Each structure stands twice: as C-alpha cells, then as structure tokens.
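Asks: Would you mind keeping the following structure in view while I ask a few things?
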Amino acid sequence: MEKLCPECGEKIIGRADKKFCSDACRNAHNNALNKDTKNIIRTTNNRLRKNHRILENLNTKAKTKVTKATLSKHGFLFDYFTGMYTTKKGDVYFYVYDQGYLALDNNYYLLVKREF
C-alpha cells in the first residue's frame, strides 16, 4: 500500500517512516499547525514584542530613567506586560519578559533588566 503526503497528496518515495514527500510539504504542514489561529493571540504577541523592543532600546545600561512621554512617543502600551514583581517595600515592577519598568514620581519610569 502506497503512502500519500498529507499536505499535497503526492506519493511518498523513500524511507518507510517518511511522512511527507518533500521538505517544502513538511514545512508547510508544520507552519499551518503552529500558526497563531486566533487574531487576539497574534496581536497580543506582536504588542509584547514591540514593548520589549522599546524597553530594550531605551535601557542601554542595567538601569535607565525615562519619562512616560518618551515611552509613549515610541509607541509603548502600558497594558501589555508578562509579569509583575512587588518588592517588600511595596514597589511594583512590571516586566515584559526580561525588561522591566517601575513608575516613579513626576511621570518618570525606571527601566531595569532582569538577569536570569
């Protein structure tokens, strides 16, 4: 019994355990399986990546102080973050992966980088 490629339907030639007729079909099949099927997931992931990129570009040292206007000017959205950390003192750091920020007085933010 001949096996057919699940992506294009062509006959599979080669090893007995081969599942696809070519690398292109294998890639197309796996890309279709792994794509973000819901628009909200794709949009949120894109937003998180953009926020991370902004923090990374502005935080050139381990700690940097910037204004809220600077973050907003670059397109940073404060509603998108991946985690929070509350210190014993009660300060709340918001993180986008390894890049974090802490709200200070007078519309300033302290940008920090968490080392793993």
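Asks: Relative contact order of the stretch 26-116: what whole-number percent is it, with Cα pairs under 8 angstrom and at least 6 residues apart?
Replies: 27 percent
Asks: Return one number: the angle in degrees, 0 to 90 and rounded to the nearest 10, between the long axis of the Cα atoms of helix 39-58 and the longest principal axis of the Cα atoms of the chain.
Replies: The two axes meet at around 50 degrees.
Asks: Could you state the accessible area per residue of the chain in Å², with a 1.4 Å probe and every protein chain left in place? Mind showing how you got there, number by number?
Replies: Working: 8600 Å² over 116 residues.
Counting only protein heavy atoms, the per-residue value for the chain is 74 Å².
Asks: Over all Cα pairs of the chain, how is the pair count split among 5 Å bins, expressed in % and running from 0 up to the last occupied bin?
Replies: Histogram of Cα-Cα distances, whole percents per bin: 2, 10, 16, 15, 10, 7, 6, 7, 7, 7, 6, 4, 2, 1, 0.
Asks: Separate question: Non-local amide H neighbours of THR82 (under 5 Å, H modeled in plane, Pro and chain starts lacking H): which ones?
Replies: For THR82, whose amide H was placed from the backbone, the distant partners under 5 Å are TYR95, VAL96, TYR97.
Asks: Comparing ASN45, ASN31, ASN57, which has the greatest mean-square fluctuation in the GNM of the chain with Cα pairs linked when under 10 Å apart?
Replies: In this elastic network of the chain, the residue with the biggest mean-square fluctuation among ASN45, ASN31, ASN57 is ASN31.
Asks: Pull up all non-local amide H partners of LEU104: gap of 5 or more, or a different chain, and H-to-H distance under 5 Å with H placed in the peptide plane.
Replies: Placed amide hydrogens put TYR109, LEU110 under 5 Å from LEU104.
Asks: Specify which residue in the list THR67, LEU55, PHE78 is farthest towards the positive end of the charge dipole of the stretch 43-89, using unit charges on the beta carbon of Lys, Arg (+1) and Asp, Glu (-1), about the Cα centre.
Replies: It is THR67, whose Cα lies furthest towards the positive end.
Asks: Ok, one more. Please turn the phi angles of the stretch 16-32 into ³J(HN,Hα) values with the Karplus equation 6.51 cos²θ - 1.76 cosθ + 1.60 (θ = phi - 60°), one per residue in order, whole Hz, x for glycine and proline.
Replies: Each residue of the stretch 16-32 in turn: 5, 9, 5, 9, 10, 6, 7, 5, 4, 5, 4, 5, 4, 5, 5, 5, 5 Hz.
Asks: Oh, and also: Rounded to a whole number, what % of the accessible area of the chain do carbon and sulfur atoms account for, probe 1.4 Å?
Replies: The C+S portion of the solvent-accessible surface of the chain is 51 percent.
The values are calculated or read from the model by the stated rules, or taken from the named source; none is laboratory data. Everything numeric here is computed off the predicted structure, so don't read it as measured data. Cβ coordinates were reconstructed from backbone atoms using ideal geometry, including for glycine residues, and neighbour counts include every protein chain displayed. Ligands, DNA and RNA are excluded from the accessible area calculation, which covers all protein heavy atoms including side chains. Shrake-Rupley method; radii C 1.70, N 1.55, O 1.52, S 1.80 Å.
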